[in-house]
Each structure stands twice: as structure tokens, then as C-alpha cells.
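*Asks:* I have a structure I would like to understand better, so I am pasting it below and will then ask my questions one at a time.
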Amino acid sequence: MNEPTYRCRMGNVLPLRLLSVAIAMITLAGCGSLRLAPSETIKQNAWLHQRTAEAAAEVAVTEETSPQLQVLTKLSEVQSRALTAYCGLPDEVPPAETNEQILAEANWQLAQGALVDSAARPGPWDVVDTLLEIGIGIAALAGGIYGTRIARFLRDARAKSQALREIVAGNERFKQQNADQVASFKAAQSNQSAETRQLVAGLKG
């Protein structure tokens, strides 16, 4: 008598858990504060910032600057360690043994590149792909008939998302390469529903 009851309860618990996961994924999809993982440029810049802060603290002491400047540069050195720890070490460490190497033009360019990368946000495609990958992984861990069905559904959704992405990208390339046919192209798409046009516009953005 106990075994059927146990199976029934497990059958009810698993969908509820997966539903909770789905709600969490939807919430994340609407979050505007998502950021990309630190790029190699950002990691190199963070490590270089630590070296710059260390060098500045050393120079402040060597040149016997004001006590306040020495304390400020020392604090900057300590703060920079947190940035390096947060971003992680780069695969390739820039040359920064001497002050001349630290102040090299390449490092100024690296700082500008890191500034651009740090302001980047994941696009709609990146968010969708990430959420689908997470969903597939969770469904695989859940196992059972529900996990298998959901994983299959999400894989199919990922394939369709990739196909739509390629179609939109192809359409944009066509319009760029055939400027004289843009009006005809738009006319051919004029019978699309408002929902479809809104979806495609969002995907292009």
C-alpha cells in the first residue's frame, strides 16, 4: 500500500520543483542587470591595476610624499586585490615588472578595451541560450520521465532559437548588401503580425 502512495507523491513533487525552476528562469530573463563574465581583457586590466597600485604605493614611500598620499596609495593597493580576486587571473599576464612596462602604451589601450568590455551587457540571444542551457542541465539532473520530456523540449527550443537567430542575421546581411531592394523586402514582410514584428525587432536589438 505504501509504494503506490510514494510514487504518487514523487510524481507531484518533481513537476513543482521544475515549475519553481522555470519561474526563476523567467525572472532572470527579465533582469536588466545581467552582465557577461569577465573577458580576458578585463582580467588582464584588473591584474595590471593591482600592479599599478602596488607601484604607486612604492613610489609614494620612496619619494617621501605626504603621509596622506602614502595612505591613499596603500589603500588603493589593498582595494585592487579584491578586483583581481573577483575577476580571476588572466591566461596571459601582461609585462609589468617595472614602472616603464606598466606605463607602456599597450596598457593604456588595454585599459580602454577593458572599459568597453565592462560596460557590455548580454544580448537577447545570449540570455536565451544561457537560460536554455541551464534548463537542460537542471532537467538532466532531475531525471525521470518529466526531466527527459523537459530536456527534449528545451533542446528543441534551443535548435529553433538558433535557426531564428540565423534567419534574422541573414535578413540583415541581405538588406545591407542589397540596399536597392530593402523596400521590396519590407513590403514582403508587411503581412506579419504585430507580435512577430515586435519579436524580431527585439531580437535584432
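*Asks:* Against the condition at pLDDT 95 or above and not in a loop (DSSP other than H, G, I, E, B), how does Val116 come out, does it pass?
*Replies:* Details: at pLDDT 95 or above: no; not in a loop (DSSP other than H, G, I, E, B): yes.
No.
*Asks:* Could we say that Leu34 is modelled with pLDDT under 90 and assigned to a helix (DSSP H, G or I) here?
*Replies:* In short, no.
*Asks:* Any idea which of Val127, Val182 is farther than 26 Å from Ala46 by Cβ, of a type outside the set (D, E, K, R), assigned to a helix (DSSP H, G or I) and modelled with pLDDT under 75? It would help to see each step written out before you state the result.
*Replies:* Details: Val127 fails: farther than 26 Å from Ala46 by Cβ.
Answer to the selection: Val182.
*Asks:* Return the only residue of Thr84, Thr65 being at pLDDT 80 or above and assigned to a helix (DSSP H, G or I). Even if it seems obvious, please write down each step before you answer.
*Replies:* Numbers: Thr65 fails: assigned to a helix (DSSP H, G or I).
Exactly one residue qualifies, and that residue is Thr84.
*Asks:* Go over the candidates Gln192, Gln198 one by one and state the one that is at pLDDT below 75, under 25 Å from the mean Cα position of the chain (by Cα) and either in the same structural domain as Leu132 (by TED's automatic domain parsing) or not in a loop (DSSP other than H, G, I, E, B) (or both).
*Replies:* Details: Gln192 fails: under 25 Å from the mean Cα position of the chain (by Cα).
Selected residue: Gln198, the only one of Gln192, Gln198 that is at pLDDT below 75, under 25 Å from the mean Cα position of the chain (by Cα) and either in the same structural domain as Leu132 (by TED's automatic domain parsing) or not in a loop (DSSP other than H, G, I, E, B) (or both).
*Asks:* What are the residue pairs meeting all of these: first residue in region 95-121, first residue touching a residue at least 60 places away in the same chain (Cβ under 8 Å) and within 10 Å of Thr41 (Cα to Cα), second residue surrounded by 12 or more Cβ atoms within 10 Å (Cβ to Cβ) and of a type in the set (A, V, I, L, M), Cβ atoms under 7 Å, and 6 or more apart or on different chains?
*Replies:* Leu110/Leu48; Ala114/Ile42; Asp117/Ile42; Ser118/Ile42
The values are calculated or read from the model by the stated rules, or taken from the named source; none is laboratory data. Small disclaimer: the values here were computed from a predicted structure and weren't measured. No Cβ is skipped: glycine too gets one built from the backbone with ideal geometry, and neighbour counts run over all protein chains shown.
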